[in-house]
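The values are calculated or read from the model by the stated rules, or taken from the named source; none is laboratory data. None of these values were measured; they are calculated from a predicted model. Cβ placement follows ideal geometry from the backbone for every residue including glycine, while neighbour counts extend to all protein chains displayed.
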Amino acid sequence: EKQGFAHYMLKEIYEQPRAVASAIEPHVNPETFSVALKNVGFGGVSVQKLDELDSKADWAKTQEMFKGIERVFIIACGTSFYAGLIGKYLFEQLARIPVEVDIASEFRYRNPVIPPKTLVMTISQSGETADTLAAIRMAKEMGATTLSVCNVRNSTIDREAHGHLYMNSGPEIGVASTKAFTSTLAVLNCIAIALGRTRGALDEKTEAELVKSIMAVPSQMEGVLAFDKYFEEAASGLKLFRGFLYMGRGTSYPIAMEGALKLKELAYMHAEGYAAGEMKHGPLALIDERMAIVMVAPTDHLYEKTISNLEEARARGGKIISIGTGDNEKLRAISEYYLAMPKAHWTTHALLSVIPLQLMSYHLACSLGYDVDQPRNLAKSVTVE
Ligand code: F6R
């Protein structure tokens, strides 16, 4: 049911405020602004029995596991992999635990080193992705504790894992992942806070601030969805560009890659996602007046560096589409298109800044006459490698 939307993808983009609220709902306490992960099931119960667990005892088990690990590996494919990359920033900053993020098809064939006391976490919307499934099986065989973040309950990967967390986004029909991505980022925020608190890296006050920021996301998202109309109009101009270079620093770097992937898969246009600091090391040569530069530049500790990258790109003739915080006069002045995001903590900014990128790809694809719900050559669930 598209409920009046032209495509499932657009409907799912609009469902993100609700999807994020459902993703965090089981884990956050809105009175104490604290996190306790709900019924993860590390004790070894079947997925169907998770709801019957004693939540207090289950949380104690999860905490015990969190205290015993020394590193985390996050394994996934595609958009779920980009969510995993953001997980690295969150876990390392909030919990001070080293994190490696890997593409499942690389991890499984590399004969990776998995030291004892490693938590291997997989992220998969469908829970059926062949490479991710093979990776979690391999990690288990090598003695790791595994935790899956899935959207589809009781999917193959979900059943394979020791511990279970859910995106809770409801069915995602559009081939391009949207609400599952932002829901995953919400769950990753909860895990990072839980890890940080349990391991003594976060104090109660910071935990409360972080919980408030993630709880604020659904209503902040409602405002950001207004870019729907903006891109509906801008699409006809945007489709004339020869290519798109997406850039950002920190958590905006995976967002740049996710934005580029969305454009490739929906609008079949060439796009690349880069860490902004890498621009001088090659991609700068690509830039001329037919190249669009999509810069995710929130007002954070990396802002000044990002701005200097932006000025360099502009000096080479690149046309700027920038995503910043609030009414940023400077960004507005140097950009062809300026998209203002609400002020957000760095841990939640990515959940907002990805929305204009989803909408931009959606409207570009529509204006080019492509089937956004079913892009050519792609399948929703990649059950063969
Ligand atoms: C992109 C997209 C894919 C999936 C990837 C992993 O929009 O949807 O890149 O993210 O195939 O799928 P899951 O998360 O089901 O393992």
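Annotation note: of V113, V149, V72, the sole residue that is without any contact (Cβ under 8 Å) to a residue 24 or more places away in the chain and of a type in the set (A, V, I, L, M, F, W, C) is V113. So which pairs qualify, if the first residue must be in the range 124-137 and in contact (Cβ under 8 Å) with a residue 60 or more places away in the chain, the second must be near the ligand (Cβ under 7 Å from one of its atoms) and of a type in the set (S, T, Y), the Cβ gap must be under 8 Å, and the two must be at least 6 apart or on different chains? Matching pairs, first to second residue: S126/S381; E128/S381; T129/S80; T129/S381. Screening the range 337-378 for residues that are without any contact (Cβ under 8 Å) to a residue 24 or more places away in the chain and in a loop (DSSP other than H, G, I, E, B) and picking the one that is nearest to M221 (Cα to Cα) gives D371. In the range 165-179, the condition of being without any contact (Cβ under 8 Å) to a residue 24 or more places away in the chain and within 15 Å of the ligand (Cβ to nearest atom) is met by at least one residue.
Each row is one residue, and each column tells you yes or no for (1) part of a loop (DSSP other than H, G, I, E, B); (2) surrounded by fewer than 22 Cβ atoms within 10 Å (Cβ to Cβ); (3) modelled with pLDDT of 95 or more; (4) in contact with a strand residue (DSSP E or B) (Cβ under 6 Å, 6 or more places away or on another chain).
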site	(1), (2), (3), (4)
S169	yes, no, yes, no
S177	yes, no, yes, no
F181	no, no, yes, no
C190	no, no, yes, yes
A194	no, no, yes, yes
A201	yes, yes, yes, no
K205	no, yes, yes, no
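Identify all residues within the range 41-69 that are hydrophobic (A, V, I, L, M, F, W, C) and without any contact (Cβ under 8 Å) to a residue 60 or more places away in the chain; write none if there are none. Let's see the steps before the verdict.
Step one: list which residues in the range 41-69 are hydrophobic (A, V, I, L, M, F, W, C), which gives 42, 45, 47, 50, 53, 57, 59-60, 65-66, 69.
Within the range 41-69, V45, L53, A57, W59, A60 meet the criteria.
How about the range 304-333: which of its residues are surrounded by fewer than 17 Cβ atoms within 10 Å (Cβ to Cβ) and either touching a Cys at 6+ places or on another chain (Cβ under 9 Å) or not in a loop (DSSP other than H, G, I, E, B) (or both)? Hits for the range 304-333 are E304, K305, S308, E311, E312, A315, E329, K330, R332, A333.
Residues checked against (1) closer than 14 Å to T251 by Cα; (2) modelled with pLDDT of 95 or more; (3) surrounded by 18 or more Cβ atoms within 10 Å (Cβ to Cβ); (4) touching a Gly at 6+ places or on another chain (Cβ under 8 Å):
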position	(1), (2), (3), (4)
F81	yes, yes, yes, no
L90	yes, yes, yes, no
V101	yes, yes, yes, yes
R108	no, yes, yes, no
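For the range 358-385, a residue qualifies if it is at pLDDT 95 or above and under 23 Å from the mean Cα position of the chain (by Cα), and the qualifying residues are Q358, L359, M360, S361, Y362, H363, L364, A365. If you go through the range 1-27 and keep only what is of a type in the set (V, I, T) and either surrounded by fewer than 19 Cβ atoms within 10 Å (Cβ to Cβ) or under 10 Å from A186 (Cβ atoms) (or both), you end up with V20, I24.
When K38 is tested against (1) in contact (Cβ under 8 Å) with a residue 60 or more places away in the chain; (2) surrounded by 19 or more Cβ atoms within 10 Å (Cβ to Cβ), just one condition goes unmet, and that condition is (1).
Among the criteria (1) touching a Pro at 6+ places or on another chain (Cβ under 9 Å); (2) of a type in the set (D, E, K, R); (3) in a helix (DSSP H, G or I); (4) within 16 Å of the ligand (Cβ to nearest atom), the one R18 does not fulfil is (4). Of note, S308 satisfies the criterion of being over 23 Å from the mean Cα position of the chain (by Cα) and polar (S, T, N, Q).
Looking at the range 1-14, can you tell me whether even one residue there is in contact with a Pro (Cβ under 8 Å, 6 or more places away or on another chain), assigned to a helix (DSSP H, G or I), within 29 Å of M257 (Cα to Cα) and not β-branched (V, I, T)? Show your work before the answer.
Initially, the range 1-14 is screened for residues in contact with a Pro (Cβ under 8 Å, 6 or more places away or on another chain), giving none.
Scanning the range 1-14 turns up no residue that is in contact with a Pro (Cβ under 8 Å, 6 or more places away or on another chain), assigned to a helix (DSSP H, G or I), within 29 Å of M257 (Cα to Cα) and not β-branched (V, I, T).
Restricting H301, H281 to residues that are under 22 Å from the mean Cα position of the chain (by Cα) and surrounded by fewer than 20 Cβ atoms within 10 Å (Cβ to Cβ) narrows the list to H301. A count restricted to the range 348-371 and to residues that are under 26 Å from A130 (Cβ atoms) and surrounded by fewer than 23 Cβ atoms within 10 Å (Cβ to Cβ) stands at 1.
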